[in-house]
Amino acid sequence: MAGQGELEKLRITAYKDAEFTEAVPDGEFTAQVNPEKVSFKYQIETEDEQAQGTSGAQPRFGKTKPEELTFEFLFDATGAIPLPDGSSSISDNGVVDRLDKFKKVVLEYDGEQHKPNNLIVAWGRILFKCVLVELNLEYRLFRPDGTPIRAAATARFQGYIEDTLRVAKENSTSPDITHTRVVKDGDTLLQLTHEIYGDPSYYLKVAAVNGLTNFRKLTTGMVLRFPPLEKAGHG
């Protein structure tokens, strides 16, 4: 990590595994020029269905989509901008070799995993686990023989969540995260506990967590909290 005031270049590291422990050999790329801007995109997916006979309804929350990160890389072989190690950027192949290296890190298909590499984008306070979802290359300057000597790559990455965390976040009945339920007519604590944990025997602990003195009689509209399974325990 660069010290305060020291120039730190954006770096992308490729990994084979979902836990980001097995780095891809020669799978690191350092930007020649840091991006001028970084864009984060957040999306919430809603369910637009509404009850029959109603004229309108507030959209219901569906799920939060993985966040996206977009920025532009500049590749220059005119000699005006040095390479990350400080050496000259002038090359017989122009920017081709640097572009090939970049594509090998972010775009190369892993035959064993049957998908592109998992990536970590690191720059300053940004540490983003992701996969590439889109790459656009634009060649901007050429030598007389057609060799490209300046290019820009606009890359869009989608946030990556390890499988165990992803399942917990997307599964609305996962016992590994805290849930809340609004009591409807006919709901019972035994039934709700069974829906969350797959085992109604945790109902006494849930009653204690929510300060219920009479778990057999729930009030319609009240909000109940169901803690993670390992914290619920048996009362």
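The values are calculated or read from the model by the stated rules, or taken from the named source; none is laboratory data. Remember, it's a predicted structure, so these values are computed and weren't measured experimentally. Don't worry about glycine lacking a Cβ; one is built from the backbone with ideal geometry, like all the others, and counts go over all protein chains shown.
Let me spell it out: the conditions are (1) surrounded by 11 or more Cβ atoms within 10 Å (Cβ to Cβ); (2) outside any strand (DSSP E or B); (3) modelled with pLDDT of 80 or more, and I177 meets all of them except one. Which number is the exception?
Going through (1) surrounded by 11 or more Cβ atoms within 10 Å (Cβ to Cβ); (2) outside any strand (DSSP E or B); (3) modelled with pLDDT of 80 or more one by one, I177 breaks only (3).
E36 versus (1) within 25 Å of L99 (Cβ to Cβ); (2) at pLDDT below 85: which is the lone unmet condition?
Against the list (1) within 25 Å of L99 (Cβ to Cβ); (2) at pLDDT below 85, E36 comes up short only on (2).
Which numbered condition in (1) surrounded by 11 or more Cβ atoms within 10 Å (Cβ to Cβ); (2) closer than 28 Å to V131 by Cα; (3) modelled with pLDDT under 95 is the only one that D85 fails?
For D85, the failing item is (1).
Surrounded by 11 or more Cβ atoms within 10 Å (Cβ to Cβ), under 23 Å from P66 (Cα atoms) and polar (S, T, N, Q) - does that describe any residue in segment 127-141?
Within segment 127-141, none of the residues are surrounded by 11 or more Cβ atoms within 10 Å (Cβ to Cβ), under 23 Å from P66 (Cα atoms) and polar (S, T, N, Q).
On the given criteria, is K63 assigned to a strand (DSSP E or B), among the basic types (K, R) and modelled with pLDDT under 95?
Here the answer is yes, as K63 does meet what is asked.
Scan segment 44-53 and give yes if some residue there is surrounded by 10 or more Cβ atoms within 10 Å (Cβ to Cβ), of a type in the set (S, T, N, Q) and either modelled with pLDDT under 95 or assigned by TED's automatic domain parsing to the domain that holds F157 (or both), otherwise no.
For segment 44-53, residues surrounded by 10 or more Cβ atoms within 10 Å (Cβ to Cβ), of a type in the set (S, T, N, Q) and either modelled with pLDDT under 95 or assigned by TED's automatic domain parsing to the domain that holds F157 (or both): present.
What pairs come up if the first residue lies in segment 190-214 and is of a type in the set (F, W, Y), the second is not in a helix (DSSP H, G or I), and their beta carbons are under 6 Å apart, counting only those six or more places apart or on different chains?
Within 6 Å, the pairs are Y197/P175.
For segment 7-24, check the following and say yes or no: at least one residue is in a loop (DSSP other than H, G, I, E, B), modelled with pLDDT of 90 or more and basic (K, R). Before the answer, list the steps.
Taking segment 7-24 as the starting set, the residues that turn out to be in a loop (DSSP other than H, G, I, E, B) are 7-10, 16-22.
The next check asks that each one be modelled with pLDDT of 90 or more; those that pass are 9-10.
Remaining after also requiring basic (K, R): 9.
For segment 7-24, residues in a loop (DSSP other than H, G, I, E, B), modelled with pLDDT of 90 or more and basic (K, R): present.
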